[in-house]
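**Student:** Sharing a structure here in structure tokens format.
The values are calculated or read from the model by the stated rules, or taken from the named source; none is laboratory data. Just so it is clear, the structure is predicted and the values come from calculations on it, not from any experiment. Neighbour counts are summed over all protein chains in view; Cβ atoms, including those assigned to glycine, are modelled from backbone coordinates with ideal geometry.
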Amino acid sequence: MALHASSSLADSDLHTASMDELQIDRNAPVSEQALQVLKTVYGYDCFRGKQAAVITSLLEKKCTLAVMPTGMGKSICFQIPAMIFGGLTLVVSPLVALMEDQVMALKLAGIRADSINSSRSREENVATWRKVASGDLRLLYIAPERLMTERMLAALAKLDVNLIAIDEAHCISRWGPSFRPDYEGLSRLRDFFPHAPIAALTATADETTREDIADQLFPRDSHDKRLGDVIVSGFDRPNIRLSVTQRNDWKKQLLDFVGARKEQSGIVYCLSRRKTEEVTRFLQDSGLQAFAYHAGLDKTVRAAAQARFMRESGVVMVATIAFGMGIDKPDVRYVFHTNLPSNMEAYAQEIGRAGRDGAPSEAMMLYGLDDIRMRRSFIDNEGGDDDHRAREHKRLDALLAFCEAPQCRRQALLSYFGEEIKACNNCDICLDPPRLSDGTVAAHKLIEVIEATGQSFGAVQMIDILRGLVHEKIKRFGHEKLTCHSSGKDISKEDWRAIVRQMVATGFLKLDIANHGALKLTAKALSLKMGEIRFAYRPDVMGPSELSRPRRAKSNLPQLDAGDQDLFEALRQCRTDLARQHKVPAYVIFSDKTLHDMALQKPTTRPDFLLIHGVGSSKQRKFADTFIDVIENWMG
């Protein structure tokens with residue numbers, strides 16, 4: 001992304017603060033210091049979710065893995081300890097765009113931060129390094145491949161490195177679906193910085209991936225016990241309405257959805273570059289502001305499209321998965337998948353780019369049989385060993401289970417990550433329940449086979465036993481001799497597959513990804529076996545369906561009266577002007593929530609301005625007079 005802090009806003013234009021200038025009481029307990037930094041720098045009165053737990057763990061010098069939903073403020077979890085510790089914090093980030101946006105936001109908040117990355121000239125990177133070496137920086141953002149060179153590690157090892165933060169930490173795990181070889185070397189960081197705690201942060205990691213991340217990054221004691229904290233705050237984004245439907249007339253389905261949201265920003269994901277270009281032309285011809293983004297486009301074209309998307313409303317970004325990681329735009333109102341994503345982790349990450357401001361948002365997915373065939377082909381041809389391909393097929397199976405869920409879709413999504421919730425009443429299934437068939441008898445037969453085979457085999461073997469097949473693998477384990485062999489021969493192979501997927505989706509079964517996708521029984525399955533509950537399923541999940549016209553998302557902020565709404569719009573225009581002046585996205589100046597609070601409170605003095613939600617001391621000094629002028633002019 002072409003938003004470079006070094007070229008658009010010089011350090012001399014910013015007031016960067018030390019801990020003393022922030023007036024933090026160094027004699028107070030570190031937990032109180034953290035709250036003081038939160039208020040003084042960020043303008044917030046309290047922490048959200050598990051932020052306090054993560055910060056406390058790091059301040060106790062423990063290595064910490066934090067798994068938090070997108071939009072829940074993971075960055076604050078390491079930025080505040082960085083300011084309290086002093087010295088240098090290394091922030092490992094995979095994307096230049098993410099680095100530049102976070103560096104700019106930190107500078108505007110008065111924090112000494114910068115990055116060394118490939119988008120900058122050698123002279124700029126050298127100048128940044130001089131600030132690092134002289135102790136002028138608190139946070140240095142750097143890509144893993146640049147950090148893990150022997151020369152960089154040797155130079156940094158001589159400095160006062162007090163904290164290391166690894167963003168998108170799931171990329172370090174070979175068990176995960178998003179493994180990146182350039183992350184693999186990060187497991188050596190403890191050798192170079194044994195006294196610096198490591199903060200590993202991610203929005204999506206199943207239990208197997210979480211364990212692997214911790215094993216690679218955390219130290220061990222003399223008894224080989226792993227040291228550190230794993231803090232999982234949940235994966236739910238309740239403000240996002242989830243919908244999935246079969247694709248039948250995708251152009252009409254897409255236009256019906258996007259056309260109803262002309263004034264809103266959204267992302268439309270496509271499976272290929274060709275499809276991305278086709279969708280972009282179609283939306284443009286339909287009168288919508290749409291831009292394509294994929295790896296085959298010229299770098300400047302991509303940067304210009306992303307800049308428009310970040311700074312304006314009502315822009316549709318049509319993209320492959322090349323777009324999205326690290327995108328921090330808070331008011332993306334919808335994510336639309338024209339094709340099936342690659343797996344559950346990818347789906348959770350991609351929909352997580354909607355509604356980061358907490359306001360109602362939507363995630364719509366279209367899928368069809370051709371998507372499933374294409375995804376299977378991708379897995380078989382992408383390389384890797386047999387175990388890797390088997391795990392990816394099982395991850396795809398879990399996503400198909402989600403698509404075919406007979407009950408609350410959010411329950412199916414969160415169940416995959418080991419989380420249980422009540423029915424959400426904010427997904428297509430809760431709002432418009434499908435017609436179900438009683439599958440209790442079939443489910444009993446499946447549970448019997450899973451128990452009889454020791455919960456050690458996947459769906460294919462279970463279905464073959466139920467249908468009475470006798471082949472090499474059946475005979476090798478003596479499964480043809482089981483009393484339950486052929487007990488389900490009256491049910492078709494496709495129906496059995498649907499039953500298995502939907503039992504996974506509804507929490508009766510669990511896929512053991514690390515054990516070749518073996519089907520495991522849950523407590524819910526045992527309740528079913530005991531006759532305490534029943535199982536219902538959707539027998540026609542791949543049949544045709546119509547995409548109902550979705551409801552428009554509404555703001556979660558209190559309604560402003562007509563006069564205050566006019567002031568809010570004037571404040572937004574002021575923010576837009578400042579964003580253009582500083583060449584940053586508007587939300588880096590202030591969020592909509594901050595402007596909303598401004599329109600309600602109408603501060604006319606600098607002390608009053610500091611009481612507005614999201615206004616820290618640096619932004620008060622930099623922007624108070626400008627916004628107060630707007631308020632006073634409006635008040636006449």
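**Student:** Please pick out the residue among THR204, THR149 that is among the hydroxyl-bearing types (Ser, Thr, Tyr) and farther than 22 Å from ASN125 by Cα. I'd like the intermediate steps shown before the answer.
**Tutor:** Working: THR149 fails: farther than 22 Å from ASN125 by Cα.
From the options THR204, THR149, the qualifying one is THR204.
**Student:** Taking GLY135 as the residue in question, decide whether it is farther than 25 Å from ALA586 by Cβ and assigned to a loop (DSSP other than H, G, I, E, B).
**Tutor:** Details: farther than 25 Å from ALA586 by Cβ: yes; assigned to a loop (DSSP other than H, G, I, E, B): yes.
Considered against the rule, which asks whether it is farther than 25 Å from ALA586 by Cβ and assigned to a loop (DSSP other than H, G, I, E, B), GLY135 comes out as yes.
**Student:** Something else about it: Consider GLU419 against the criteria (1) within 29 Å of MET68 (Cβ to Cβ); (2) assigned to a helix (DSSP H, G or I); (3) modelled with pLDDT under 90; (4) not hydroxyl-bearing (Ser, Thr, Tyr): it satisfies all of them except one. Which criterion is unmet?
**Tutor:** Only one criterion in (1) within 29 Å of MET68 (Cβ to Cβ); (2) assigned to a helix (DSSP H, G or I); (3) modelled with pLDDT under 90; (4) not hydroxyl-bearing (Ser, Thr, Tyr) is unmet by GLU419, namely (2).
**Student:** How many residues does region 46-55 contain that are surrounded by fewer than 23 Cβ atoms within 10 Å (Cβ to Cβ) and free of Cβ contacts under 8 Å to residues at least 40 places away in the same chain? First the steps, then the outcome.
**Tutor:** First pass over region 46-55, keeping only residues surrounded by fewer than 23 Cβ atoms within 10 Å (Cβ to Cβ): 46-50, 52-53.
Now restrict to residues that are free of Cβ contacts under 8 Å to residues at least 40 places away in the same chain: 46-48, 52.
So the answer is 4.
**Student:** What number of residues within region 209-242 are among the polar types (S, T, N, Q) and within 18 Å of the chain's Cα centre (by Cα)? Please lay out each step first, then the result.
**Tutor:** Filtering region 209-242 for residues among the polar types (S, T, N, Q) gives 209, 216, 222, 233, 239.
Going one step further and asking which of them are within 18 Å of the chain's Cα centre (by Cα), we end up with 209, 233, 239.
Matching residues across region 209-242 total 3.
**Student:** Anything in region 295-353 that is polar (S, T, N, Q) and under 19 Å from GLN284 (Cβ atoms)? List them, or say none.
**Tutor:** GLN306, SER313, THR320, THR338 - these are the residues of region 295-353 that are polar (S, T, N, Q) and under 19 Å from GLN284 (Cβ atoms).
**Student:** If you check ASP191, ASP212, ASP224, which single one turns out to be of a type outside the set (A, V, I, L, M), over 18 Å from HIS337 (Cβ atoms), out of contact with any Leu (no Cβ under 8 Å at 6 or more places or on another chain) and buried (at least 19 other Cβ atoms within 10 Å of the Cβ)?
**Tutor:** Details: ASP191 fails: buried (at least 19 other Cβ atoms within 10 Å of the Cβ); ASP224 fails: buried (at least 19 other Cβ atoms within 10 Å of the Cβ).
Exactly one of ASP191, ASP212, ASP224 is of a type outside the set (A, V, I, L, M), over 18 Å from HIS337 (Cβ atoms), out of contact with any Leu (no Cβ under 8 Å at 6 or more places or on another chain) and buried (at least 19 other Cβ atoms within 10 Å of the Cβ), namely ASP212.
Results for (1) in contact with a Gly (Cβ under 8 Å, 6 or more places away or on another chain); (2) farther than 23 Å from ALA260 by Cβ; (3) without any contact (Cβ under 8 Å) to a residue 40 or more places away in the chain, shown as yes or no for each residue.
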| site | (1), (2), (3) |
| --- | --- |
| THR280 | no, no, yes |
| GLN284 | no, no, yes |
| GLY287 | no, no, yes |
| ALA292 | no, no, yes |
| VAL301 | no, yes, yes |
| ALA304 | no, yes, no |
| PHE309 | no, no, no |
| VAL316 | yes, no, no |
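**Student:** Still on this model: Can you pull out the residues in region 355-396 that are in a loop (DSSP other than H, G, I, E, B) and at pLDDT below 80?
**Tutor:** Restricting attention to region 355-396, the residues satisfying the condition of being in a loop (DSSP other than H, G, I, E, B) are 355-360, 368, 382-385.
The answer is GLY368, GLU382, GLY383, GLY384, ASP385.
**Student:** Could you list, in sequence order, the residues of region 474-508 that are in a helix (DSSP H, G or I), within 28 Å of PHE402 (Cβ to Cβ) and either out of contact with any Asp or Glu (no Cβ under 7 Å at 6 or more places or on another chain) or of a type in the set (Val, Ile, Thr) (or both)?
**Tutor:** Just the residues of region 474-508 that are in a helix (DSSP H, G or I), to begin with: 474-476, 479-481, 493-505.
Retained after the next criterion (residues that are within 28 Å of PHE402 (Cβ to Cβ)): 493-505.
Residues satisfying the conditions are LYS493, GLU494, ASP495, TRP496, ARG497, ILE499, VAL500, MET503, VAL504.
To keep it simple, each residue is scored yes or no on (1) more than 13 Å from the chain's Cα centre (by Cα); (2) aliphatic (A, V, I, L, M); (3) at pLDDT below 90.
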position: GLN306; (1), (2), (3): yes, no, yes
position: MET310; (1), (2), (3): yes, yes, yes
position: ALA319; (1), (2), (3): yes, yes, no
position: GLY324; (1), (2), (3): no, no, yes
position: ASP328; (1), (2), (3): no, no, yes
position: ARG333; (1), (2), (3): yes, no, no
position: PHE336; (1), (2), (3): yes, no, no
position: LEU340; (1), (2), (3): yes, yes, no
position: GLU345; (1), (2), (3): no, no, yes
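**Student:** Would you tally the residues in region 298-338 being more than 24 Å from GLN102 (Cβ to Cβ), surrounded by fewer than 20 Cβ atoms within 10 Å (Cβ to Cβ) and in contact with a Ser or Thr (Cβ under 9 Å, 6 or more places away or on another chain)?
**Tutor:** Qualifying residue count, region 298-338: 1.
**Student:** Which members of region 479-510 meet the condition of being under 23 Å from GLY468 (Cα atoms) and buried (at least 22 other Cβ atoms within 10 Å of the Cβ)?
**Tutor:** The initial filter retains those residues of region 479-510 that are under 23 Å from GLY468 (Cα atoms), namely 479-504, 509.
Of everything in region 479-510, those that are under 23 Å from GLY468 (Cα atoms) and buried (at least 22 other Cβ atoms within 10 Å of the Cβ) turn out to be HIS479, GLY488, ALA498, ILE499, VAL500, ARG501, GLN502, MET503, VAL504, LEU509.
**Student:** Okay, next question. Could you list all residues from region 265-305 that are closer than 18 Å to ALA346 by Cβ and in a helix (DSSP H, G or I)?
**Tutor:** If the condition is that a residue be closer than 18 Å to ALA346 by Cβ and in a helix (DSSP H, G or I), then ARG273, LYS275, THR276 are the ones that fit.
**Student:** Let me ask something else. When you look at GLY418, is it surrounded by fewer than 22 Cβ atoms within 10 Å (Cβ to Cβ) and either farther than 17 Å from GLY488 by Cα or touching a Pro at 6+ places or on another chain (Cβ under 8 Å) (or both), yes or no? Working first, answer last.
**Tutor:** Numbers: surrounded by fewer than 22 Cβ atoms within 10 Å (Cβ to Cβ): yes; either farther than 17 Å from GLY488 by Cα or touching a Pro at 6+ places or on another chain (Cβ under 8 Å) (or both): yes.
So GLY418 fits the description; yes.
**Student:** Restricting region 94-128 to residues that are more than 24 Å from ALA579 (Cα to Cα) and under 27 Å from the mean Cα position of the chain (by Cα), which is surrounded by the fewest Cβ atoms within 10 Å (Cβ to Cβ)?
**Tutor:** Of everything passing the filter in region 94-128, SER118 is surrounded by the fewest Cβ atoms within 10 Å (Cβ to Cβ).
**Student:** Moving on. Can you tell me which residues in region 618-636 are within 21 Å of ALA109 (Cβ to Cβ) and touching a Lys or Arg at 6+ places or on another chain (Cβ under 7 Å)?
**Tutor:** Result: GLN620, ALA624.
**Student:** Need the failing condition index for VAL161 against (1) under 28 Å from ASP206 (Cβ atoms); (2) at pLDDT 90 or above, just the number.
**Tutor:** (1)
**Student:** If you check CYS430 against the conditions, is it under 19 Å from ILE533 (Cβ atoms), buried (at least 17 other Cβ atoms within 10 Å of the Cβ) and modelled with pLDDT of 85 or more?
**Tutor:** On the way: under 19 Å from ILE533 (Cβ atoms): yes; buried (at least 17 other Cβ atoms within 10 Å of the Cβ): yes; modelled with pLDDT of 85 or more: yes.
Yes; evaluated as a whole, the condition is true for this residue.
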